[in-house]
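What follows draws every value from the coordinates through simple rules; no lab data is involved. Values in this document were obtained by computation on a predicted structure and should not be read as measured data. Virtual Cβ from ideal backbone geometry, glycine too; neighbours counted across all protein chains shown.
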Amino acid sequence: MKLLDNCINNKYIPLLFVLLFGASCSEYKAPLIDITPNSTIVLVGNNLGSRMMHYGYFETEMYLRFPKDSLTIRNMCDPGDTPGFRPHSSRKTPWAFPGAEKFQTELAKATGSQGIFEYPDDWLNRLNADIILALFGYNESFEGEKGLENFKNELQAFIDHTKNQNYNEKGTPELVLISPIAFEDRSNEYDLPNGKKQNKNLKLYTEAIKVVALKNEVPFIDVFNPSVTWYDKGELTIDGSQLNDEGYKKFSNYIANTLTGDKKIKSEQNKTATNEAVNEKNFFWHNDYKIPNGVHVNGRRHAPFGPDNYPYEIEKIRQMTAIRDTAIWASSCTVGCTINAQSVKTRAFGAP
């Protein structure tokens, strides 16, 4: 009976198969969310998510698991971002959604910045986001136990706001909450904390995310507890808090496995080529979302020359990004796959 309860509670499939063949339900995990052809997956969050862009492992894992589905993946994470506080030097306010300001202290007030850089909802609308992976909790954990209730309220407001959006013109986006990783003790090698205090707080905030996720029936991925054990088998961070190359491989594989129900990669032979294509796409995407010299492009120095020069450059770089999506699809799927040329053209150059 305990096995049946675990299978039901954890959405493992198929239960009948478990009953008939006596297999462990842990071998037959259901996907955490449904990922359909042509889905757009967008990451929002803090530094843990932002640095994923420099390695490309998570995207590589996802493309190889869905080689025929022409997924689009974009990373909007930025160090320091919280569910409601996402400052930018070319935005008039740092708030991600209306009402987010009430969860912040005097240290997170509007800075007087100005510009025309789009707000998170604008980007998500233009990207037609179907699935949003949200990585929050690390920055907030420095507030300790006293900041826990405020964080839960901010996260709740973010969920409420997201559930009321229709970025893809099809309905509410799928939202998945992902916890922070644990702090790795590297104090024997460097002048760094041993992580005990940090992990106490990170565990509190992981549990808080889990509670809010369950309350709202939002899928949740706990990375904190697994990462504690990962560190026993080798160094996976550069400074205790930021993953290194091997760390991001492990992290990315774990997230992809959990999202997809351990969906297997049919062929590993294209992994290197796919990863190279992902990283090339991310170079162009990075130069759009985090465009260099953004204060001239979108900020207070935008006028008088910006309106004449930059729109064409931005259009071009978005076309170059979209075109590289096709290179990823071609790299990840070499057998039995077709690429919809019209779909590519529409993504890259707009509706015909």
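In the structure displayed, which of Lys29/Lys290; Lys197/Lys281; Lys146/Lys196; Lys200/Lys264; Lys146/Lys215 lie more than 29 Å apart, Cα to Cα? Violating the 29 Å Cα-Cα cut-off are Lys29/Lys290; Lys197/Lys281; Lys200/Lys264. For segment 120-170, applying the loop criterion from DSSP together with a ceiling of 11 other beta carbons within 10 Å to the GluC sites (Glu not before Pro) yields Glu169.
Look at [x] 19.1; [y] 20.4; [z] 22.7: the one that is mean projected area of the Cα convex hull in nm² derived from this structure is [y]. Against the compact-protein benchmark of 2.2 N^0.38 Å, the Cα-based radius of gyration of segment 193-318 scales to 1.48. Full extension of the chain segment joining Asn125 with Glu246 gains 40.2 nm, where the gain is 0.36 nm per residue of separation less the Cα-Cα distance. Computed from the alpha carbon atoms alone, the convex hull of segment 69-196 holds 152 Å³ per residue. Taking the helices alone, the chain has a mean residue ellipticity at 222 nm of -13500 deg cm²/dmol, built from -39,500 (n - 2.57) per DSSP H run of at least 4 residues and averaged over all its residues.
Summing Lys, Arg as +1 and Asp, Glu as -1, what charge do residues with Cβ under 13 Å from the Cβ of Lys266 carry, Lys266 excluded? Every neighbour counted, the sum reads +2. Taking a sphere under 14 Å around the Cβ of Glu280 and counting the other residues whose Cβ falls inside, with K and R at +1 and D and E at -1, yields a net charge of -2.
Relative contact order for segment 32-349: 22 percent, from Cα pairs under 8 Å spaced at least 6 residues apart, divided by residue count. An oblate overall shape is assigned to segment 229-279, the ratio a/c of its alpha-carbon gyration tensor axes (a ≥ b ≥ c) being 1.5 or greater and a/b not exceeding b/c. Sorting Thr274, Thr36, Thr258 from the fewest to the most surrounding beta carbons within 10 angstrom yields Thr36, Thr258, Thr274. Computed over every Cα-Cα pair of segment 195-248 and binned at 10 Å starting from 0, the pair-distance distribution P(r) comes out as 22, 46, 27, 5 percent.
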